[in-house]
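Please read the structure below before turning to the comments.
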Ligand code: SAH
């Protein structure tokens with residue numbers, strides 16, 4: 001139903017993988033990541049992005065760019081999804097928290113690499129359609145909750161890694177608390193009218209926080225209801 005023939009999607013997906021690999025090498029000076037791992041590239045190759053966009057957007061489903069998903073939100077650019085996933089480096093046993101499920105695409109990429117993914121989304125319609133898509137695609141290791149991700153997901157904490165897919169003006173303190181020692185948080189930090197700073201934040205075994213800036217990025221805002 002509205003699906004392109006598999007071969008057209010396959011060709012577009014192959015081209016996308018080549019573009020993502022090329023962009024990884026072009027940005028290596030900033031990111032420190034000239035090549036993405038086979039695991040991450042395989043996840044990008046297997047998650048069907050065309051199933052996460054509206055029918056009108058399907059011709060661009062495998063273009064390396066963000067696309068509108070309704071409610072003023074966007075599905076992230078595949079290169080950024082790959083980069084953030086690479087920086088998070090979830091292992092097969094990891095429990096991951098995502099803030100901002102949106103279309104559920106990044107959720108699916110994480111779920112194909114980690115043991116369990118929890119995702120918080122503030123817009124109920126997006127949360128429900130993401131949940132439905134992920135169920136249809138047989139991802140049974142994902143839980144999505146409607147709420148304000150600023151507070152994380154305390155009942156299921158602590159997490160091995162946390163990914164925020166919306167721009168926060170500051171790092172939400174609850175997310176740092178809900179990160180395991182040795183864990184990693186990937187988050188765009190900055191005002192949403194400007195470019196933001198993609199950061200990798202680590203918590204060491206003693207609970208000390210170390211932060212590294214990786215790349216200027218542009219994300220929709222992390223809306224904090226308490227503001
Ligand atoms: N990862 C998504 C990107 C979605 S854009 C994808 O691949 O499609 C960012 C998402 O963050 C939007 O869906 C937006 O509604 C959500 N968001 C913004 N502020 C939030 C908050 N405080 N808590 C939870 N979700 C939030």
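The values are calculated or read from the model by the stated rules, or taken from the named source; none is laboratory data. These numbers come from a predicted model, not from an experiment. Positions of Cβ are backbone-derived with ideal geometry, glycine not excepted, and every protein chain shown enters the neighbour counts.
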Residue in segment 122-141 that is away from the ligand (no atom under 12 Å from the Cβ), under 18 Å from residue 187 (Cβ atoms) and surrounded by fewer than 24 Cβ atoms within 10 Å (Cβ to Cβ) present: no
Counted residues, segment 196-221 - those being away from the ligand (no atom under 16 Å from the Cβ) and more than 14 Å from the chain's Cα centre (by Cα): 17
Test result for residue 154, surrounded by fewer than 21 Cβ atoms within 10 Å (Cβ to Cβ), at pLDDT 95 or above and within 15 Å of the ligand (Cβ to nearest atom): yes
Condition check for residue 188: within 16 Å of the ligand (Cβ to nearest atom), free of Cβ contacts under 8 Å to residues at least 40 places away in the same chain and in a strand (DSSP E or B): yes
